[in-house]
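Data first, discussion second: the structure below is written as structure tokens.
The values are calculated or read from the model by the stated rules, or taken from the named source; none is laboratory data. Only a predicted model underlies this, so the values are computations on that prediction, with no experimental measurement involved. Positions of Cβ are backbone-derived with ideal geometry, glycine not excepted, and every protein chain shown enters the neighbour counts.
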Amino acid sequence: MNIKKFRFVIFVLVFSILTVLLFSLGINAEEQYVLRLAHDQTSGHPYDLGAQRFGEAVEARTNGAVTIKIYPASQLGDTAEQIEGLKMGTLDLSIAAFSHVSQFVPELGIFGAPYLFESDKQFANVFDGEVGQILDEISLKRYDIRLLTTYTSGNRVLFNSKRSVFTPNDLSDLKIRVMTGPADALTWKTFGAIATPMAYSELYSAMQAGVVDGGENECVSVLRNKFYEPCPYIATTYHLVLPMGVFISNKTFQELPEEYRKIVLEEAQKSAIWERDYITRMNNEALDEMISKYGVKANLIDKVAFMEKGKPVQEIVAKNLGVMDLLEKIRAAKN
């Protein structure tokens, strides 16, 4: 056998052995999936940490066949742009507030109504049960996106630059930045404030410039985004527990093999259970830190007064959206 034939035989043998090994290990270059996940919070935020746990678990369980690359702090656009990317298939995953996604899936707007959830258990019962399945089906039908699971912001507070707020009367003439959902502006108008819809990315500079007097968010985000600098007054209104959906492009979801879809769904849910517990603890610590370290003036509110004004917003929004049945399911889930 001449040298050329010998080399060719060796090449064929080596190639055949490697091919068998690769297939036996389940590693096929054509079955590698790199998914991009975007969100609007800073790196290290509980949403971001939840996404990291999600990605690490998926990569481990698929032996590296599916990896998730995370883009925090609106690197791939604001929430609306991210959701449009899911629809077009140019983005794979997004962690997005229901209030923002409601411009594409209107039914999600009901979750911007105040005082919907009485406990963490009720929140879990809603999104890990029948309502969560219904919302996934609605999202798919409306905008060709899937709801994998739901994170939470925890209880949200009011922060402003002017004064302490104890009752709805104290909100008179305060310009408060609100999200774009149908319930958000109505809620704060009902409370007595001047509701001002605005992109989240513009909020800090708007408060600095006096375009708005404040906003509302969970304490972790207030701390990480340094909103306490222009707005040192915090009222623990706890008016809203904002659902943060982990959405996936249906195009991406369908391209994944069935075994990988199952893994993605399971690990998304596990990461949500972890994130919900973690952000509750972090919100408490963040409020304590802002008070002790940065001199924030925090106070309790007359919750009964706020709830009396806010509760009717639930029915108004539900009727306008045609989701009274969903509202009843949400209320029933507290038991």
Practice problem: Output the residues belonging to segment 218-255 that are touching a Leu at 6+ places or on another chain (Cβ under 9 Å) and under 26 Å from Thr90 (Cα atoms). | Solution: Pro243, Gly245, Val246, Phe247, Ile248, Ser249, Asn250, Lys251, Thr252, Phe253
Exercise. Give Leu108, Leu86 a once-over and let me know the one that is closer than 30 Å to Lys309 by Cβ, in a helix (DSSP H, G or I), in contact (Cβ under 8 Å) with a residue 60 or more places away in the chain and of a type in the set (A, V, I, L, M, F, W, C).
Key: Leu108
Exercise. Sort through Glu315, Glu229 and tell me the only one that's assigned by TED's automatic domain parsing to the domain that holds Asp136, out of contact with any strand residue (DSSP E or B) (no Cβ under 8 Å at 6 or more places or on another chain) and not in a helix (DSSP H, G or I).
Key: Glu229
Exercise. Can you tell me which residue within segment 193-212, out of those that are touching a strand residue (DSSP E or B) at 6+ places or on another chain (Cβ under 6 Å) and in contact (Cβ under 8 Å) with a residue 24 or more places away in the chain, is farthest from His100 (Cα to Cα)?
Key: Val212
Quiz item: Can you tell me which residue in segment 214-263 is farthest from Thr149 (Cα to Cα), limited to those that are more than 19 Å from the chain's Cα centre (by Cα) and among the charged types (D, E, K, R)?
Solution: Glu229
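Taking segment 278-295, which residues are in a helix (DSSP H, G or I) and touching a residue at least 60 places away in the same chain (Cβ under 8 Å)? Spell out the reasoning first.
Looking only at segment 278-295, we keep the residues that are in a helix (DSSP H, G or I), and these are 278-294.
The answer is Tyr278, Ile279, Thr280, Met282, Asn283, Asn284, Ala286, Leu287, Glu289, Met290, Tyr294.
Which residues, taken from segment 173-190, are in a loop (DSSP other than H, G, I, E, B) and modelled with pLDDT of 90 or more?
Of everything in segment 173-190, those that are in a loop (DSSP other than H, G, I, E, B) and modelled with pLDDT of 90 or more turn out to be Asp173, Leu174.
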Practice problem: Would you check if there is a residue in segment 64-81 being at pLDDT 95 or above, buried (at least 17 other Cβ atoms within 10 Å of the Cβ) and among the polar types (S, T, N, Q)? | Solution: no
Quiz item: Can you find a residue in segment 235-251 that is crowded, with 23+ Cβ neighbours inside 10 Å and assigned to a helix (DSSP H, G or I)?
Solution: no
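Check segment 107-127 and report whether any residue there is surrounded by fewer than 17 Cβ atoms within 10 Å (Cβ to Cβ), closer than 23 Å to Ser201 by Cβ and of a type outside the set (A, V, I, L, M).
Of segment 107-127, the ones surrounded by fewer than 17 Cβ atoms within 10 Å (Cβ to Cβ) are 118-121.
Then keep just the ones that are closer than 23 Å to Ser201 by Cβ; that gives none.
No, segment 107-127 has no match at all.
Does Gln103 satisfy being under 30 Å from Asp277 (Cα atoms), out of contact with any Lys or Arg (no Cβ under 9 Å at 6 or more places or on another chain), modelled with pLDDT of 95 or more and not hydrophobic (A, V, I, L, M, F, W, C)?
Against the criterion (under 30 Å from Asp277 (Cα atoms), out of contact with any Lys or Arg (no Cβ under 9 Å at 6 or more places or on another chain), modelled with pLDDT of 95 or more and not hydrophobic (A, V, I, L, M, F, W, C)), Gln103 does not qualify.
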